[in-house]
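Trainee: The structure follows.
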Amino acid sequence: MTKKNKYKSDILAVLHETAAGLHRIGLIPEKTMREFDASCLVENEIEIIRGSGNIYRDCGDKKYNVKQSKAIIAAEIIAVLDKKKLPATKAEVVYGISQADITRIRNTKLDRLSIAKLTSILKKLSSRDEIRSDYSGVDLGKPVIGKHYKAAMKGIKIVLKPDTKRPGKGSK
C-alpha cells in the first residue's frame, strides 16, 4: 500500500517530488530530505485506535481466531527450541519432527500446518503434560479450534494428554 503525500501547494509538490528523486539516487542526504518533508508536506493528524489484542481480527481476516491460535502455539514451540538451543536438524533426529516443519514455524509460514500438527510438535518438544501460557488480552472469539483445545479469554491453555485417541479416528 502506497502512502499518498499531501502538499501545502502545487509548487511545493513539484519541488518535493524532485528532491525525492534526487534522494533516491543518493544526491540528497537523509537529513536534507527530512527538511524537505517538513517544509513541503502537510502534517497528518494521527488517530490512535485501540486494538483487540488479535492483529488478524483488527486487519479483518476471516480466520482470525485460527491464525491467532497458530501464532501462539508457534511462539511456544520457538521458545522451547530456543531454550533447548535446538536446531531444526537436531529436532528431527531427537524428536522426529520434520526439519521442514521447524523451518516453517521459525519463518512463521503456518498456512500448511494445522493447530493439531502444531500442538503435536509442542507435545513432542515439551516434557510437560500441560502447557499454559499467559497471553493477557488475547481474545480468540468463537472457538473453532476443536474439542481438544480450550481457548480462554485471558490466554490460551493447551491440555496435552499422552496417548489420547481423537474421536473419529478409529474410536467409537
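Trainee: Can you list the GluC sites (Glu not before Pro) in region 27-71 that are in a DSSP coil and have 14 or fewer other beta carbons within 10 angstrom?
Mentor: 43, 45, 47
Trainee: Run the quick spin-label model on residue 10 and residue 95: label points 7 Å from Cα toward the beta carbon, then report their separation in nm to one decimal.
Mentor: Spacing of the two 7 Å Cα→Cβ label points: 6.4 nm.
Trainee: While we're looking at this one, here's another question. If neighbour count is taken as other Cβ atoms inside 10 Å, put 110, 86 in order from fewest to most.
Mentor: Ascending Cβ contact count within 10 Å gives the list 86, 110.
Trainee: At a 10 Å Cβ-Cβ cut-off, how would you order 24, 104, fewest neighbours first?
Mentor: So the residues, fewest neighbours to most, are 24, 104.
Trainee: How much length would be gained if the chain were fully extended between residue 124 and residue 63, taking 0.36 nm per residue of separation minus their Cα-Cα distance, in nm to one decimal?
Mentor: 19.3 nm
Trainee: Right, next: By how many nm would the segment from residue 48 to residue 78 grow when fully extended, if each residue of separation counts as 0.36 nm and the alpha-carbon distance is taken off?
Mentor: That works out to 7.6 nm of additional length.
Since every read-out is calculated from the coordinates, none of them should be taken as a lab result. Keep in mind that what you see is a predicted model, and the values were worked out from it rather than measured. Counting neighbours? That spans all protein chains shown, and the Cβs are built from the backbone with ideal geometry, glycine included.
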